[in-house]
Each structure stands twice: as structure tokens, then as C-alpha cells.
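S.K.: Submitted below is the structure of interest, expressed as C-alpha cells.
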Amino acid sequence: MEKKEIGKVKLFIMLFFAGLSFFYLSIYYLVWRLFSFVVNLICVKIVRNTDGKLETPIVFYEHPVTKRMVAFIAMIHLAEPEYYSALNRRIKLLSGYKILFEGIGRLSKRENKFLTQEERDVFHDFDSRLKLLKKIGNIMLLKYQKDKGGLFYDLSWVNNDIRLYDFIKSSAKQNLCFVKEEKKLYASLDDESMQLFSKWLNNMMFSQFLPAIVVANIIGFFFKNERLINKLILDARNEEAMRGINKYLAKGNVALIWGAMHLVGIGKELKRAGFREVRREWFTAYHVRDYHLFESLKKEGIINTFKEAANSIMLLKKDLT
């Protein structure tokens with residue numbers, strides 16, 4: 001076969017596979033758009049995407065007999081500074097509410113001294129995830145909730161959560177790992193091209209927040225490790241939150257500042273206790289930006305794209321806890 005004919009065959013094969021790839025990508029895109037539309041239409045209990053904005057709610061519950069109120073302030077822990085400013089102003093208006101907030105705290109010197117090697121590994125794993133989250137926040141020009149310029153924590157507020165020491169011991173006992181290979185991802189974000197890619201990817205995740213969370217939950221359902229993490233991060237801590245609510249409800253109204261992923265579980269417990277939702281107020285955490293994929297990948301290419309996307313989805317999900 002002549003070289004000219006071989007060249008034509010190679011060109012035909014390349015065009016065929018390019019066309020086939022375009023066809024399948026188009027199908028996947030259309031399916032994703034339909035899936036996103038349905039999810040955003042029916043799943044607005046935790047967060048919502050509207051008009052290029054990601055919003056979280058304050059949900060007010062009232063008991064019809066006692067008339068006690070519980071305000072659940074559903075948080076996303078990485079957001080635009082204006083989000084925290086707006087919430088700070090709104091929380092100041094909650095006159096007469098006892099404010100409880102989540103936060104597993106820090107290890108004391110004594111607790112740190114008695115950690116086993118396995119428990120230390122869990123602690124470093126957890127700590128590196130927090131550092132990675134903050135680094136992504138710096139790249140995206142976002143604030144972390146507990147940093148300066150984030151949420152203002154008044155001395156009258158009560159920390160109502162499980163202790164970090166207990167959290168670490170429970171995690172180590174079940175051999176849980178939260179986000180794998182954080183150190184490699186953390187180091188890669190020092191690269192300018194990876195920062196461009198991170199901006200595009202995280203912007204995409206924020207713009208399709210609910211569908212991304214639903215996908216993460218579906219994937220996580222098939223992995224025992226992820227189910228155990230959910231049970232520890234959500235269920236066990238929800239129980240602690242409810243103990244705090246019940247304790248302070250005897251004295252008056254309660255406001256709860258917790259990650260938005262806890263809203264469904266705690267909301268169900270409040271309804272079992274006779275509370276009814278009376279209203280919601282929405283606050284904008286993020287405005288979707290105009291980042292372009294091909295510009296972001298111009299230098300980096302698509303190597304590790306799916307791996308980094310999976311890590312970002314899991315971080316995004318845990319950002320609500």
C-alpha cells in the first residue's frame with residue numbers, strides 16, 4: 001500500500017474516532033444537563049443554584065404548642081466575603097436566641113501525646129484536607145468560615161459538637177480516610193497552570209453544586225468507607241446537635257450554625273419533635289464566574305483531569321459538613 005493511501009486510512013481512522021468521541025460526549029452532556037435540571041428543580045432543601053448564584057438558607061422552625069423557635073443557619077464553609085458579612089448582620093438580629101455552633105475543636109497537648117500512630121495518621125489526613133480547602137479558597141478568592149473576614153464568633157455562642165479527640169479515635173477505629181492524596185494535590189496547586197484548572201473546575205462545581213453532591217452521594221453509596229464517613233460526620237454529630245438544641249430549648253429560642261449537609265437530618269429530628277418549618281431566608285455564597293475550560297487546560301492538558309475532579313467533588317461535599 002502506498003504511503004499516500006496509508007495516510008488516508010490513518011486520517012479516516014482519526015476522524016472516525018474523533019466523531020465517535022464527539023457523539024458520546026454530546027450524549028453525556030445532554031444527559032447531564034437534563035439530570036442537572038431535574039435535581040436543581042426538586043432538591044432545594046440544602047442549597048440552591050439560581051441565576052448564576054449559589055445560595056444557602058436560614059430555616060426557621062416553630063413548635064405549635066410551646067411557640068419555641070429553632071433557626072437552622074445552613075453554612076457553606078468556603079464562600080465569598082459578602083456572604084459572611086450578610087450572615088453576621090442577620091445573626092445579630094436574632095435577639096433572644098441561644099446560638100450554638102459546630103466545630104470539633106483542637107487537640108490538647110495531653111490528647112496529642114496519647115494518640116497512637118494510626119490515630120496520628122487520621123489527624124494528619126484530616127488536617128491536610130482543611131489546609132487544601134483553605135488553599136483552594138485562596139485561589140478562588142474565597143474566605144474560610146472561621147478565618148478573619150469570615151463568620152464572627154461571639155463569646156456568648158456555645159460550641160456544641162463532638163470533640164476532635166473522639167472524632168479521631170472513632171475514625172481510626174474504623175480505618176477511615178477522608179480524602180486521599182491531599183499532599184500531592186496540595187503541591188500541584190503551586191503550579192500556575194494547575195491553579196487555572198482549579199479555578200475552572202471549582203467554579204464548575206459551584207455552578208452545578210446540587211448535581212455534583214447527588215453524584216457524590218450515589219458513588220459513595222457503593223463504598224463502605226464513604227458510608228462509614230457519612231455516619232460519623234453526619235449522623236453522630238447530628239445527635240450531638242439535637243442534644244444541645246433540647247438542652248437550650250427549655251430556656252428559650254435556639255439558633256444552630258452548622259454545615260448545610262446537616263440540615264436534612266436535623267430537620268427531620270425537629271419535625272419528629274413536633275416543630276414545623278415556617279419560613280426560609282436565602283443568602284448568596286458564591287456568584288458563578290466566567291472561567292473557560294480550554295484556557296484553563298491550555299498548559300496543563302487533560303492528564304489527571306478526572307482524578308482531580310473526583311477529589312474536588314468529595315471536598316465540595318465535605319465543605320457542607
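The values are calculated or read from the model by the stated rules, or taken from the named source; none is laboratory data. Quantities reported herein were computed from a predicted structural model and do not represent experimental measurements. Here Cβ is always computed from backbone atoms with ideal geometry, including for glycine, and neighbour counts include all displayed protein chains. Areas reflect the complete protein model, heavy atoms only, side chains present, ligands, DNA and RNA absent. Shrake-Rupley method; radii C 1.70, N 1.55, O 1.52, S 1.80 Å.
S.K.: Kindly list the number of the only condition in (1) outside any helix (DSSP H, G or I); (2) out of contact with any helix residue (DSSP H, G or I) (no Cβ under 9 Å at 6 or more places or on another chain); (3) modelled with pLDDT of 55 or more that fails for Ile302.
M.R.: Evaluating Ile302 over (1) outside any helix (DSSP H, G or I); (2) out of contact with any helix residue (DSSP H, G or I) (no Cβ under 9 Å at 6 or more places or on another chain); (3) modelled with pLDDT of 55 or more leaves (3) as the failure.
S.K.: Of the numbered conditions (1) modelled with pLDDT under 85; (2) farther than 17 Å from Leu107 by Cα; (3) aliphatic (A, V, I, L, M), Met140 satisfies every one except a single condition; which is it?
M.R.: The one condition Met140 does not meet is (1).
S.K.: Go through the stretch 275-295 and give me each residue that's open to solvent by 50 Å² or more (accessible area, probe 1.4 Å), assigned to a strand (DSSP E or B) and of a type in the set (Val, Ile, Thr).
M.R.: Result: Val278, single match.
S.K.: Hey, which of the strands (runs of 3 or more DSSP E) in the stretch 19-114, taking only ones fully inside, have at least 3 residues that are over 24 Å from the mean Cα position of the chain (by Cα), surrounded by 14 or more Cβ atoms within 10 Å (Cβ to Cβ) and modelled with pLDDT of 90 or more?
M.R.: Strands (runs of 3 or more DSSP E) meeting the threshold: none at all.
S.K.: Within the stretch 161-186, restricting attention to residues that are in a loop (DSSP other than H, G, I, E, B) and either among the charged types (D, E, K, R) or at pLDDT 95 or above (or both), which residue is farthest from the chain's Cα centre (by Cα)? Steps first, please.
M.R.: Residues of the stretch 161-186 that are in a loop (DSSP other than H, G, I, E, B), as a first pass: 161-163, 174-181.
Keeping just the survivors that are either among the charged types (D, E, K, R) or at pLDDT 95 or above (or both) gives 161, 163, 180-181.
Numbers: Asp161: 18, Arg163: 21, Lys180: 16, Glu181: 18 Å.
That would be Arg163.
S.K.: Among the residues of the stretch 245-274, write down those that are closer than 20 Å to Arg90 by Cβ and either among the hydroxyl-bearing types (Ser, Thr, Tyr) or not in a helix (DSSP H, G or I) (or both).
M.R.: Tyr248, Gly252, Asn253, Val254, Ala255, Leu256, Ile257, Trp258, Gly259
S.K.: Quick check: anything in the stretch 228-249 of a type outside the set (Lys, Arg) and modelled with pLDDT under 70?
M.R.: No, the conditions are met nowhere in the stretch 228-249.
S.K.: Related question: How do the pairs read when you match residues in the stretch 264-292 that are among the small types (Gly, Ala, Ser) with residues anywhere that are in a strand (DSSP E or B) and open to solvent by less than 70 Å² (accessible area, probe 1.4 Å), using Cβ under 6 Å and keeping only pairs 6 or more apart or on different chains?
M.R.: Qualifying pairs under 6 Å: Ala285/Leu54; Ala285/Thr56; Ala285/Ala79.
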